[in-house]
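Asker: Here it is, the structure in full.
The values are calculated or read from the model by the stated rules, or taken from the named source; none is laboratory data. Everything numeric in this text was worked out from a predicted model, so none of it was measured. A quick note on method: Cβ atoms are made from the backbone with ideal geometry, for glycine too, and the neighbour counts reach across all protein chains shown. Side chains included, ligands, DNA and RNA excluded: accessible areas come from the protein's heavy atoms. Shrake-Rupley method; radii C 1.70, N 1.55, O 1.52, S 1.80 Å.
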Amino acid sequence: MTDQIPQGVQTHIPNVARMYDYYLGGKDNFPADRQAAEKVLEIIPEIRHSARANRAFLGRTVGLLAESGIDQFLDIGAGLPTRNNVHQVAPGARVVYVDNDPTVLVHGRAILGKNENVTIAEGDVRRPAEILGHPDVRAAIDFDRPVGILLLAIMHFVPDADDPRGIVATLRRAMAPGSHLVLSHVAIDARPEAADGVVQVYDRASSPFVTRTGKEIVRLFDGFDVVEPGIVNLPEWRPVPGTAVPYKGIGSYFLGGVGVVSDGG
């Protein structure tokens, strides 16, 4: 991590964005983040693969959307900048990265702030109306035109009390026909016995981890037309030809899908 710690950053509390950065092999993390992440890795060693699979899923889905004509993206819960960010996968598109983490905001503005097509906005996924009404978001995104909204590995940090289905529905109502939702979410079906241990680690972190089954995750796509191959484990979503699909057949463990807003809304 850089020597200069952003104001408001609590380095002694494990942070979910920095833990994710550690899973990906990044350096934007502190000892507390690494210690917590190692505890999770003891329970689920394959989480490093899952984190990489999530980034690869971003690349494939954003590439698909860009090829279909989507030229504006809203990435909510974007996390720390890494390789193959949305604006790199879809060069020339307008991209707004939204997060409420001080570390993410400072690093995002330092690394991406000079890109005229990139906006960094502060916002909390639990308050989608505030994100949609944010002046910087409104300046960059024309919601009268199709938009790609990304909710990648963020909704499993949203408790049921914050109404995750209502959050997605609020976003959907703001999306013009032809808009796409890209969503990924950890599922516990394949490893239910590991859930309690992971929950305990994240209970001491900046956000709790919320366990959901595949059936519960599928309901987050209510109101969208889900494109093929549906809501599947990330490596199974339109894999690059010739690549191996690991852990096939073990059940749902990290699901992702793409939903489209139809003309009927």
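Asker: Name the one entry in Val218, Val245 that is under 14 Å from Arg165 (Cα atoms), out of contact with any strand residue (DSSP E or B) (no Cβ under 7 Å at 6 or more places or on another chain), surrounded by fewer than 19 Cβ atoms within 10 Å (Cβ to Cβ) and among the aliphatic types (A, V, I, L, M). Steps first, answer last, please.
Answerer: Working: Val245 fails: under 14 Å from Arg165 (Cα atoms).
Every option except Val218 fails the conditions.
Asker: Here's a follow-up. Among (1) free of Cβ contacts under 8 Å to residues at least 60 places away in the same chain; (2) open to solvent by 30 Å² or more (accessible area, probe 1.4 Å); (3) more than 21 Å from Leu220 (Cα to Cα), which single condition is Ile120 missing?
Answerer: (2)
Asker: Could you please find all residues in the range 130-162 being aliphatic (A, V, I, L, M), over 21 Å from Val106 (Cα atoms) and open to solvent by 70 Å² or more (accessible area, probe 1.4 Å)?
Answerer: Of everything in the range 130-162, just one residue is aliphatic (A, V, I, L, M), over 21 Å from Val106 (Cα atoms) and open to solvent by 70 Å² or more (accessible area, probe 1.4 Å), namely Ala161.
Asker: Still on this structure, I have one more. Restricting the range 200-223 to residues that are within 18 Å of the chain's Cα centre (by Cα) and of a type in the set (A, V, I, L, M, F, W, C), which is nearest to Thr103 (Cα to Cα)?
Answerer: Ala205
Asker: Only one of Gly178, Gly249, Gly197 is more than 29 Å from Met19 (Cα to Cα), over 16 Å from the mean Cα position of the chain (by Cα) and not hydrophobic (A, V, I, L, M, F, W, C); which? Walk me through how you get there before you give the answer.
Answerer: Values: Gly249 fails: more than 29 Å from Met19 (Cα to Cα); Gly197 fails: more than 29 Å from Met19 (Cα to Cα).
After ruling out the rest, the residue left standing is Gly178.
The rows are residues; the columns are (1) at pLDDT 95 or above; (2) part of a loop (DSSP other than H, G, I, E, B); (3) out of contact with any Phe, Trp or Tyr (no Cβ under 6 Å at 6 or more places or on another chain); (4) not polar (S, T, N, Q).
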residue	(1), (2), (3), (4)
His185	yes, no, yes, yes
Asp196	yes, no, yes, yes
Ser206	no, yes, yes, no
Phe209	yes, yes, no, yes
Ile217	yes, no, yes, yes
Glu228	yes, yes, yes, yes
Arg238	yes, yes, yes, yes
Thr243	no, yes, yes, no
Ser252	no, yes, yes, no
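Asker: So Arg94 ticks every box in (1) farther than 30 Å from Ala139 by Cβ; (2) modelled with pLDDT of 95 or more; (3) not hydrophobic (A, V, I, L, M, F, W, C) but one. Which box is left unticked?
Answerer: (1)
Asker: Moving on to the next point. Checking Thr213 against (1) touching a residue at least 60 places away in the same chain (Cβ under 8 Å); (2) open to solvent by 20 Å² or more (accessible area, probe 1.4 Å); (3) of a type in the set (Val, Ile, Thr), which single condition isn't satisfied?
Answerer: (1)
Asker: While we're here: Taking the residues in the range 97-117 that are hydrophobic (A, V, I, L, M, F, W, C) and farther than 22 Å from Phe143 by Cα as candidates, determine which candidate is most open to solvent (accessible area, probe 1.4 Å).
Answerer: Within the range 97-117, the first condition is being hydrophobic (A, V, I, L, M, F, W, C), and the residues that meet it are 98, 104-106, 110-112.
Retained after the next criterion (residues that are farther than 22 Å from Phe143 by Cα): 104-106, 110-112.
Values: Val104: 9, Leu105: 13, Val106: 71, Ala110: 79, Ile111: 102, Leu112: 16 Å².
The selected residue is Ile111.
Asker: For the range 24-82, name all the residues that are among the acidic types (Asp, Glu), under 21 Å from His185 (Cα atoms) and surrounded by fewer than 18 Cβ atoms within 10 Å (Cβ to Cβ).
Answerer: Glu38, Glu42, Glu46
Asker: Filter the range 178-206 for residues that are under 30 Å from Ala66 (Cβ atoms) and among the hydroxyl-bearing types (Ser, Thr, Tyr); which is surrounded by the fewest Cβ atoms within 10 Å (Cβ to Cβ)? Before you say what the answer is, go through the steps one by one.
Answerer: Of the range 178-206, the ones under 30 Å from Ala66 (Cβ atoms) are 178-187.
Imposing the further condition that a residue be among the hydroxyl-bearing types (Ser, Thr, Tyr) reduces the set to 179, 184.
Numbers: Ser179: 24, Ser184: 26.
Ranking the qualifying residues of the range 178-206, first place goes to Ser179.
Asker: Name the one entry in Val9, Val95 that is of a type outside the set (Phe, Trp, Tyr), in contact with a Ser or Thr (Cβ under 8 Å, 6 or more places away or on another chain) and within 27 Å of Asp203 (Cβ to Cβ).
Answerer: Testing whether each residue is of a type outside the set (Phe, Trp, Tyr), in contact with a Ser or Thr (Cβ under 8 Å, 6 or more places away or on another chain) and within 27 Å of Asp203 (Cβ to Cβ) leaves just Val9.
Asker: How about the range 70-117: which of its residues are among the small types (Gly, Ala, Ser), free of Cβ contacts under 8 Å to residues at least 12 places away in the same chain and touching a strand residue (DSSP E or B) at 6+ places or on another chain (Cβ under 9 Å)?
Answerer: Narrowing the range 70-117 to residues among the small types (Gly, Ala, Ser): 77-79, 90, 92-93, 108, 110, 113.
Next, from what is left, pick out any that are free of Cβ contacts under 8 Å to residues at least 12 places away in the same chain: 110, 113.
Matches in the range 70-117: Gly113 only.
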